[in-house]
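Single-structure report; data block below.
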Amino acid sequence: MHNSRTTQNNTDAKKRITIENLLTNQSGLDCDTYNPKAVGNESIMAYEKDWIQYSLDLPMNDSAGGIGQYCSSNPIILGRIIEKSTKMTLPTFATQTLFKGLGIKNFDWHFKPDPSSGETFCQVNLRSRDMAKFGLLYLNNGAWNDKQLIPKEWVEQSLAKHSAVAGLDYGYLWWTKYLDADRVRYYGKLAQGNGGQKIYIFKELNLVTVITAGHYNMQSSSNELNARYILPSFNKK
């Protein structure tokens, strides 16, 4: 991963980090959210002056492409890479290339990787129906209203297994997870955010489910709602 900044712990191992490593949460940076002993804890980063610098300065605890570790620094770095490459803000780029095509107009996205985002972590706020549009776009291999908004190959690679994070198969920022509904197991692709915001894609059912919740920093009931009330209706009687 090339950058023009001066970074700490700038080893040869760090220089081998690729964009794909960031997408699969295999950067090797010591910032595993599930490890309280990790140097790059996201709760510390939240109030650092410059999240990009903070992330790039982190030491490595594994080689790039090694173990999967859920780390908030990885997508934050990706967002800045997109901004530098396109010379646009991330929300502007997303609007022009994705949201406009999907008819998504009502959203709130404050992508400022600094303390002003300490409570929101640069996350995008979307209406449930617009989350569903995003899920449908991936269910339909990147096509929307007979127009290919994103390449089919990108969708396939995004949903394929590239690593394992927290015991679950992991693609390009997408999770693979199964839910059991009355003893029938359904495998889905999952995009999830803090609080219980979840977009599930069940390819074999031609189904997208969206659930929003307010269980921040705790276990949500999103999976239970799918498993108990939605998926059983697809079981063969």
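Annotations
- Gyration tensor verdict on the range 36-133 (Cα atoms; rounded if a/c is under 1.5, prolate if a/b is larger than b/c, oblate otherwise): prolate
- Phi to ³J(HN,Hα) by Karplus 6.51 cos²θ - 1.76 cosθ + 1.60 over the range 180-185, Hz, x for Gly, Pro: 9, 10, 6, 6, 10, 9
- Members of K49/K105; K177/K198; K100/K147; K161/K189 lying beyond 20 Å, as alpha-carbon distances in this model show: K49/K105
- Rh by Kirkwood over Cα pairs, then Stokes-Einstein D for the range 127-234 at 1.306 mPa s and 10 °C, µm²/s: 111 µm²/s
- Residues S55, S43, ranked from the fewest to the most other C-beta atoms within 10 Å, line up as S43, S55.
- Think of it as helices only: each DSSP H run of n ≥ 4 in the chain is worth -39500 (n - 2.57), and spread over all residues that comes to -6500 deg cm²/dmol at 222 nm.
- Rounded if a/c under 1.5, otherwise prolate or oblate - the range 108-175, Cα gyration tensor axes: oblate
- Amide H contacts under 5 Å for V165, placed H, 5+ residues apart: Y170
- Over the range 12-79, equivalent-ellipsoid semi-axes from the Cα gyration tensor in Å: 17, 13, 11
- Centroid-to-centroid separation of the range 94-172 and the range 21-93 [C-alpha atoms, Å]: 18 Å
- Convex hull of Cα atoms in the range 91-130, direction-averaged projection (nm²): 3.0 nm²
- Rounded to the nearest 20 debye, dipole of the range 4-82 from Cβ charges on Lys, Arg, Asp, Glu: 180 debye
Bear in mind these aren't lab numbers, they're just calculated from the coordinates by the rules spelled out. All of these numbers come straight from a predicted model, not from anything done at the bench. Neighbour counts are summed over all protein chains in view; Cβ atoms, including those assigned to glycine, are modelled from backbone coordinates with ideal geometry.
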